[in-house]
Each structure stands twice: as structure tokens, then as C-alpha cells.
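Q: Below is a structure I'd like to ask you about.
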């Protein structure tokens, strides 16, 4: 049976994708300096591509699966299936302009620079701007004020825009790395398994296991506080010593929970990380 063709992004997106693949059991092994690394799972044939090129290749059926930014799916208007939002490389697509020029943007014709022509034109037309669009090819933030009155670019924190004296005037889109598939893709069982294992790693990153000892007298109070995925596990300790209680909880809640659980009577509280969570 032919391998599943899986395209991986080059550049800034690669680190997070490769780590996710490895933790899910699909370790990517470099093969010299070429663009065809090897996958620990022989069912997958890998190729590295620029994020802008990946989406179109999947749409055309040249690749079966890929990791790609949602921004380029939208920009290209691509007919692909988004199977999983990994949440990696989350960015906003924003319009920004020099602070001193923001007030006058709607009073004249402006030059707008961006890599995202379709997304940009759609927003500008909806907002009623009079504009001339110029396509940029990287480093869009350096265009203003000499070469553009406004830019549309992606940003994670907004720091680069601020450092270049730019103020955000509109948010067009939120994007992150998605697993996308060709609409004609078959072999759904293998694809569903791949997505399941990726999702299990992403879910595990959000949770930890809390384990504690609780006396009979405090059990109801602790269980009333302790969140869980379904029901906490409660096991009797030897010699009528109370109970061992454990539950998977959201990592972000741990700092709040531990003092509250201790005050409710929990002792010997331990925290453990997960590698995968399949619910």
C-alpha cells in the first residue's frame, strides 16, 4: 500500500509541529539536507514545503495531509478539510498604521501593503477604504510610512508593530496551525488514528494528574472541590487509613486547587504530568 503523503511546514512553524509529531509517536528523522525527512511510522511519506505552498498542494491532491496555517487556507480560498486545530503558532492578522496617521486613513486614498491580498481586500472593501494594494514579500512592517500608509500582517504579541511605531487599527482573522486534508483523501481509519494521537498530546499538555490522601471524614469535602474529566478515582488505603484520590485536572487550575484541597483535608498531594490523554 502506498504511504500517506504528509507535508510539513518549513520555517517558524516547524519546531512546534515536529515536537508534536514526536510526542504523538511519529518522530521525524532528518535525512541529510534534503526536503524529504523520514517518519518513524512507515505509513507516512514526508516532505518539507513553505507554508504558502502547502495549502494549494493539498487542495490539488498532491499531498494527502499537511500541517498548515489557517491564514493561508483563508487567503487562498482553498477547498481543503481542516481536521484539527493544534493551537500552535497562534497569531492575529491585523491592519496597522503609523500612530500619527491613523486619524486620516479614511479621508484619502491610501497604499496598503500585505502578503495577504484576498484577506486584505475583503476587509478593506467591507470597511469602505479607498486604497491601492501592494503585495509585500516579507518584512511588511518596514513599509510605513514611506512605502505604505497601512499594512496587514500577522502578529503574535504586537511587539514588532509597536517597535516600528505602528498602531493596530483592525483585527481581520485569528490563525493557528491546523491539520488539513485533501477532500479526496481515503484511508480514513489511518487518518483518524493520526488525528486522535495528535489530539491526545494536545489534551495532555493542558492537564496534570493530582493524587492525594484523604480521610473518611474529609472525603466528601475534597470530592466536592476536585474537578475531573469524568469521575475521580477513589481507592481505600491499607488499614482503614482513608482513601487515595486522583483526578486529571486542568494545568491552569493547579495553583488555585492545591491550597483549597489542603484546607479541605487532603494530604500528601502529588502532581504528575501526562504524555497523552484519550477520552
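Q: Which length gain, in nm to one decimal place, applies between residue 125 and residue 142 when the Cα-Cα distance is subtracted from 0.36 nm times their residue separation?
A: Working: separation 17, 0.36 × 17 = 6.12 nm, distance 2.39 nm.
Fully extending the segment from residue 125 to residue 142 adds 3.7 nm.
Q: Using 11 Å as the cut-off for backbone N distance, which residues of region 144-182 belong to the label zone defined by a point 7 Å from the Cα of residue 100 along Cα→Cβ?
A: It comes to 145, nothing else.
Q: Which of rounded, prolate or oblate describes region 91-175 when judged by the alpha-carbon gyration tensor and an a/c cut-off of 1.5? Present the calculation step by step, with values, prior to reporting the outcome.
A: Working: a/c = 1.37, a/b = 1.12, b/c = 1.23.
It comes out rounded by the Cα gyration axes.
Q: Of 42, 183, 51, which is the most mobile in a GNM of the chain whose springs link Cα atoms less than 10 angstrom apart?
A: Highest fluctuation of the listed residues: 42.
Q: For the chain, modelled as a GNM with alpha-carbon contacts under 10 angstrom, which of 106, 43, 121 fluctuates the most?
A: 106
Q: Sticking with this one: Could you check what % of the DSSP bridge pairs in region 91-175 are antiparallel, to the nearest 5? It would help to have the intermediate numbers written out before the result.
A: Numbers: 13 of 21 bridges.
For region 91-175, the DSSP antiparallel bridge percentage is about 60.
Q: May I pose another question? Between residue 256 and residue 206, what is the FRET efficiency for a Förster distance of 22 Å, r being their Cβ-Cβ separation, to the nearest 0.05? Please list the in-between numbers first.
A: Numbers: r = 15 Å, r/R0 = 0.69.
The formula returns an efficiency of 0.90 here.
Q: Moving on. Please report, largest first and rounded to whole Å, the three semi-axes of the ellipsoid equivalent to region 207-273, where each semi-axis is the square root of five times an eigenvalue of the C-alpha gyration tensor. Spell out each step's value before the answer.
A: Values: eigenvalues 68, 29, 21 Å².
After scaling each eigenvalue by five and taking roots: 18, 12, 10 Å.
Q: In the chain, how does Rg compare with the Kirkwood Rh, expressed as the Rg/Rh ratio over alpha carbon atoms? Working shown, then result.
A: Working: Rg = 24.7 Å, Rh = 22.2 Å.
In the chain, Rg relative to Rh is 1.11.
Q: Starting from the Cα coordinates of region 1-86, work out the convex hull volume and express it per residue in Å³.
A: Working: hull volume 8.6 nm³, N = 86.
Per residue, the Cα convex hull of region 1-86 comes to 100 Å³.
Q: Pop the C-beta distance of residue 230 and residue 15 into the FRET formula with R0 = 35 Å and round what comes out to the nearest 0.05. Write down the numbers at each step before the final one.
A: On the way: r = 34 Å, r/R0 = 0.97.
It comes to 0.55.
Q: Summing -39500 (n - 2.57) over the DSSP H runs of n ≥ 4 in the chain and dividing by its residue number, what mean residue ellipticity at 222 nm do you reach, to the nearest 500 deg cm²/dmol?
A: Working: 8 runs with 78 residues, N = 279.
One gets -8000 deg cm²/dmol as the mean residue ellipticity at 222 nm.
Q: Region 1-144: D in µm²/s via Stokes-Einstein (Kirkwood Rh, Cα pairs, 10 °C, 1.306 mPa s)? Please list the in-between numbers first.
A: Values: Rh = 17.5 Å.
Calculated translational D: 91 µm²/s.
Q: Sticking with this one: What distance in nm lies between label points placed 7 Å from Cα along the C-beta direction at residue 60 and residue 237?
A: With each label point 7 Å from Cα toward Cβ, the separation is 6.5 nm.
We did not get these values from a lab; they are worked out from the coordinates using the rules stated. This is a predicted model, so every value here is computed, not measured. Here the Cβ is made from the backbone with ideal geometry for all residues, glycine too, and neighbour counts use every protein chain on show.
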